[in-house]
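So the structure is just underneath, and the comments pick up after that.
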Amino acid sequence: MICCLDLEGVLIPEIWINVAKKTRLKELEITTRDEPDYDKLMRYRLGILKRERIRLRDIQTVIRGMSPLPGAKAFLAKLRKRFQVIILSDTYYEFAGPMMEKLGRPTLFCNRLSTDKKGFIANYHLRQKNGKKEAVRAIKGLGFSVVAAGDSYNDISMLQTADRGILFRPPAKIVKEFPGFPVTVTYRELLAAFLKDC
Ligand SMILES: [Mg+2]
């Protein structure tokens, strides 16, 4: 069995919300929890960064000041003792690097950003459409069973494709819309949900 975990909202705080706080740009607080259309969301974010002259390195400075969610590192270490874990995220390697270090360097599948000569984010590059779901499908194709956990709209197809899906600290509207998944709030509950039937 392979465990697939979302990153933001499950192991680390929402990167964009922290960037919004540090830059005092309320407009950047909108996340996949609010806007299910990821391309629309990213175009909107990159437009704001360009307008406000915020470079990639400015965002990286904010991220270096962030810590994993309390208890996340210990939870991940416990999970990795029992299973192989892959983190499936819609974030970018350029953002996630310092946080991966703080989490003990787990395997991360995510995406890339490109910058222009002045260091402004020019574009984002998804390896494939529906990367989380496709990763789960591919891992299952290798003969593994997959249990996946996430907190947000961009995790739902991953949870549905996995053999078992678990919600962790989801917003109430997601619980209402997708009542089929077990809902966990603490890392103890999340670990127990992964261990169920093992
Ligand atoms: Mg998330």
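The values are calculated or read from the model by the stated rules, or taken from the named source; none is laboratory data. Everything quoted here is computed from the prediction, not taken from an experiment. Virtual Cβ from ideal backbone geometry, glycine too; neighbours counted across all protein chains shown. SASA here: full protein model, heavy atoms, side chains in, ligands and nucleic acids out. Shrake-Rupley method; radii C 1.70, N 1.55, O 1.52, S 1.80 Å.
Filter segment 28-84 for residues that are among the β-branched types (Val, Ile, Thr), at pLDDT below 90 and over 22 Å from Val147 (Cβ atoms) and give the result.
Hits for segment 28-84 are Ile30, Thr31.
Return the residues of segment 33-58 that are out of contact with any Gly (no Cβ under 8 Å at 6 or more places or on another chain) and open to solvent by less than 60 Å² (accessible area, probe 1.4 Å); say none if nothing qualifies.
Glu35, Tyr38, Leu41, Met42, Arg45, Leu46, Gly47, Ile48, Leu49, Ile54
Determine which single condition Asp90 fails, assuming it passes every other condition in (1) in a helix (DSSP H, G or I); (2) surrounded by 14 or more Cβ atoms within 10 Å (Cβ to Cβ); (3) at pLDDT below 95; (4) not polar (S, T, N, Q).
Checking Asp90 against (1) in a helix (DSSP H, G or I); (2) surrounded by 14 or more Cβ atoms within 10 Å (Cβ to Cβ); (3) at pLDDT below 95; (4) not polar (S, T, N, Q), the one that fails is (1).
Tell me which residues, restricted to segment 63-87, are more than 22 Å from Leu41 (Cα to Cα) and in a strand (DSSP E or B).
The answer is Gln84, Val85, Ile86.
Just name the residue that is least open to solvent (accessible area, probe 1.4 Å) out of those in segment 1-17 that are among the aliphatic types (A, V, I, L, M) and more than 15 Å from the ligand (Cβ to nearest atom).
Checked segment 1-17; the qualifying residue least open to solvent (accessible area, probe 1.4 Å) is Ile2.
Count, please, the residues in segment 127-157 that happen to be in contact (Cβ under 8 Å) with a residue 12 or more places away in the chain, more than 16 Å from the ligand (Cβ to nearest atom) and either loosely packed, with under 13 Cβ neighbours inside 10 Å or over 19 Å from Gly180 (Cα atoms) (or both).
6
Is it true that some residue in segment 18-29 is assigned to a loop (DSSP other than H, G, I, E, B), more than 13 Å from the ligand (Cβ to nearest atom), of a type in the set (Gly, Ala, Ser) and farther than 21 Å from Ala135 by Cβ?
Scanning segment 18-29, I find no residue that is assigned to a loop (DSSP other than H, G, I, E, B), more than 13 Å from the ligand (Cβ to nearest atom), of a type in the set (Gly, Ala, Ser) and farther than 21 Å from Ala135 by Cβ, so the answer is no.
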